[in-house]
């Protein structure tokens with residue numbers, strides 16, 4: 001408008017001068033100016049009929065005529081289901097060897113072409129063991145023979161490197177498995193007791209890990225641990241823009257997932273969480289539990305807890321077992337107390353149910 | 001004969017059109033459906049955050065898709081921390097399409113913020129704001145504030161500069177040429193200043209796909225040519241109208257300066273709007289001193305005229321008032337593209353005026369631009385502007 005006034009002002013002035021050519025000159029100016037304005041301003045945003053509503057961090061309710069960009073309070077329609085992964089333990093195909101030892105066979109297929117929706121509307125090329133990040137949780141009892149038939153269907157070389165005790169040739173470092181169907185059979189005696197990671201060990205190692213080629217390997221003691229509601233949490237991150245910094249953090253890959261899908265547990269029931277930190281780039285990660293403290297068993301190798309705390313800090317592939325019971329019902333947060341990570345997705349809720357009959361999950365029977 | 005004429009005309013049109021036809025076929029072949037010729041490389045998405053407004057408990061970001069492919073806005077963050085947000089009208093952005101991302105956030109005034117937008121492939125784009133300042137809502141009070149600022153930096157200094165007219169009037173022809181050359185020097189500085197400013201804005205806020213430098217060059221040259229043509233017409237017709245050649249030149253100068261001051265006003269308004277300027281009295285004094293010299297530029301050609309007071313006031317307004325309009329537009333509806341365009345138009349106008357003045361000195365004087373008066377005037381003009389610009 002102001003420009004138009006200015007032009008009008010000039011025009012009236014020039015009318016007094018009464019020169020045709022000056023008017024012409026002005027009209028050239030006006031045309032340039034007006035067309036510049038039209039090109040420059042963002043097109044008007046047309047209002048729509050339907051309104052969406054979302055809640056902010058501070059609890060305010062905001063209305064919008066557009067779409068909600070909200071990884072926090074809207075659920076992702078992601079293919080990978082962290083709730084299913086949480087309590088999914090794979091005991092393998094079981095058979096007995098001649099000497100009576102239990103043999104557990106697993107088939108693990110590596111791929112590196114999967115595009116996964118990792119957060120609402122954000123798609124990322126993850127590299128996977130058996131199609132998910134993290135890969136399947138492999139579980140055996142101490143002394144069992146673990147046999148993993150590994151097939152590499154990816155376009156790059158991959159291996160499986162288990163943390164634990166095994167012969168050198170089963171370490172998955174020097175025995176590179178070729179792309180496009182390469183095979184290798186890892187076989188070793190399960191041990192020691194505890195919770196261990198497994199991951200690809202092909203260079204560039206950082207890339208092969210952060211893209212998703214890792215999972216959890218649990219070795220149970222022969223004399224079983226007390227019955228509990230057991231779950232696995234892999235603390236991980238995703239570097240979406242390849243700048244050497246994680247854009248997302250999570251327990252079990254999907255940011256904020258357990259915040260809008262709280263993990264249901266029962267009052268006074270023992271909960272056992274197998275926690276493995278697979279975050280790269282950042283030197284530490286941690287787990288803080290609200291309204292409670294947990295017994296912590298580093299690496300799960302000892303049956304006596306080393307700490308009774310609500311905060312444990314973990315470095316790369318550091319892991320342990322956390323055991324706790326809730327005395328009071330309600331919603332309790334758990335998250336990284338490196339709160340940058342929790343603001344980028346590593347945050348969840350335990351919903352403690354008062355009534356035993358309300359229990360949604362079946363506690364997995366130990367050591368089947 | 002007629003038939004012959006017609007057929008030759010037809011041939012002429014055909015010969016003009018045929019290359020176009022081939023060109024269209026070529027483009028269709030390369031880009032058309034089924035063509036895999038150019039299926040090489042990976043087009044990288046790009047979005048540009050053109051504008052960030054800090055409202056009550058909310059940060060609003062105008063996002064434009066400035067890349068070669070459509071994108072989807074997927075996530076927003078403040079200082080690299082994910083925030084719930086909304087995108088209006090929707091998250092799908094075609095090339096050059098814009099959307100408004102609304103991020104509810106309890107921000108603190110005068111603190112720096114980094115605004116991040118993540119698109120569907122996980123690429124994150126960031127814009128840094130030096131100091132958050134409440135978005136300006138058009139109000140009469142603010143309108144008045146900008147008018148006052150514009151008056152201080154635009155109108156009053158130019159008018160003061162015009163007061164040198166009686167002085168310039170009493171001096172010899174030599175000294176008069178000195179002042180005309182001084183004017184040209186002042187203007188050359190202003191022109192370079194405008195170009196620099198335009199390049200700076202395009203570098204900071206304009207997406208690469210706008211080809212900032214070439215946009216400035218194109219608009220500048222169009223503005224120069226447009227004004228040069230109309231200016232020549234104006235000057236050549238002075239005999240048939242009431243205005244004389246000096247008046248015509250002074251008018252051209254004031255329009256050129258007006259366009260420049262409009263750009264200056266835009267910059268001031270935008271700076272206030274974006275919170276990156278603390279408006280001190282010192283700054284206003286700097287602008288005022290700097291702009292006083294613009295008054296001399298207008299006064300010089302008019303010094304050989306009589307009964308000029310009315311014209312002088314009018315021209316002072318033409319040169320100075322746009323600062324007010326610029327401040328309004330810059331403060332309320334800022335867009336970096338508009339800024340760049342206006343600054344370039346201003347620069348083109350100023351360069352045209354310089355040519356006009358030099359030509360006039362040459363005709364008036366002894367067909368000579370290398371006299372001591374002209375050379376020293378030009379040089380001193382540049383130096384004065386440089387020194388006063390340090391104050392801004």
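Quick check on the exposure proxy: order A:185, B:356, A:102 from fewest to most C-beta atoms within 10 angstrom.
A:185, A:102, B:356
On C-alpha positions alone, give me the angle between the axis of helix B:281-302 and the longest principal axis of chain B, in degrees, nearest 10.
Helix B:281-302 sits at roughly 50 degrees to that axis.
Cα axis of helix B:309-320 to longest principal axis of chain B: angle in degrees, 0 to 90, nearest 10?
On a 0 to 90 degree scale, this one is about 20.
Fewest Cβ neighbours within 10 Å first, please rank A:248, A:89 accordingly.
Lowest count first: A:89, A:248.
Where does each of B:303, B:194, B:15 land when they are ranked from fewest to most other beta-carbon atoms within 10 angstrom?
Going from sparsest to densest Cβ surroundings: B:15, B:303, B:194.
Would you mind checking the stretch A:286-307 for residues with the amide N under 11 Å from a putative spin-label position 7 Å along Cα→C-beta of residue A:142?
So the set is A:301-304.
Taking the simple approach of a point 7 Å from Cα along Cα-to-Cβ for both residue A:155 and residue B:42, what is their distance in nm?
According to this spin-label approximation, the distance is 0.9 nm.
What's the FRET efficiency of residue B:369 with residue B:173 using the Cβ-Cβ distance as r and R₀ = 25 Å, to the nearest 0.05?
E between residue B:369 and residue B:173, to the nearest 0.05, is 0.95.
Over all directions, what mean area does the Cα convex hull of the stretch B:140-391 project, stated in square nanometres?
13.4
Relative contact order, percent, of chain B when contacts are C-alpha pairs under 8 Å separated by at least 6 residues?
Across chain B, relative contact order equals 22 percent.
On average, how many beta carbons from a partner chain sit within 10 Å of the beta carbon of a residue in A:120-128?
Taking all residues of A:120-128 together, the mean is 3.
Could you work out how far apart the two model spin labels at residue B:163 and residue A:103 are, taking each label as a point 7 Å from the Cα in the direction of the beta carbon, and quote it in nm?
10.6
Take every DSSP beta bridge whose two residues both sit in the stretch A:82-358, then give the antiparallel share in percent to the nearest 5.
Antiparallel: roughly 70 percent of the beta bridges in the stretch A:82-358.
Between residue A:302 and residue B:20, what is the label-point separation in nm under the 7 Å Cα-to-beta-carbon projection?
About 8.6 nm separates the two model spin labels.
Measuring from the lowest to the highest alpha carbon on each principal axis, how far does the stretch B:47-129 reach, largest first, in angstroms?
That gives 36, 21, 19 Å along the principal axes, largest extent first.
FRET efficiency for residue A:87 and residue B:130, Cβ-Cβ distance as r, R0 = 45 Å, nearest 0.05?
For residue A:87 and residue B:130, the calculated efficiency is 0.35.
In degrees between 0 and 90, to the nearest 10, how far off the longest principal axis of chain B does helix B:173-205 point, with axes built from Cα atoms?
Once rounded, one gets 0 degrees.
Can you give me the C-alpha center-to-center distance between the stretch B:121-166 and the stretch A:102-129, rounded to a whole angstrom?
Spelled out, the Cα-based centre of one part sits 55 Å from the other.
Laboratory data are not the source of any read-out in this text; all were calculated from the coordinates shown. Keep in mind the model is a prediction, meaning the values are calculated, not measured. Please note: Cβ atoms are built from the backbone with ideal geometry, for glycine as well, and neighbour counts cover all protein chains shown.
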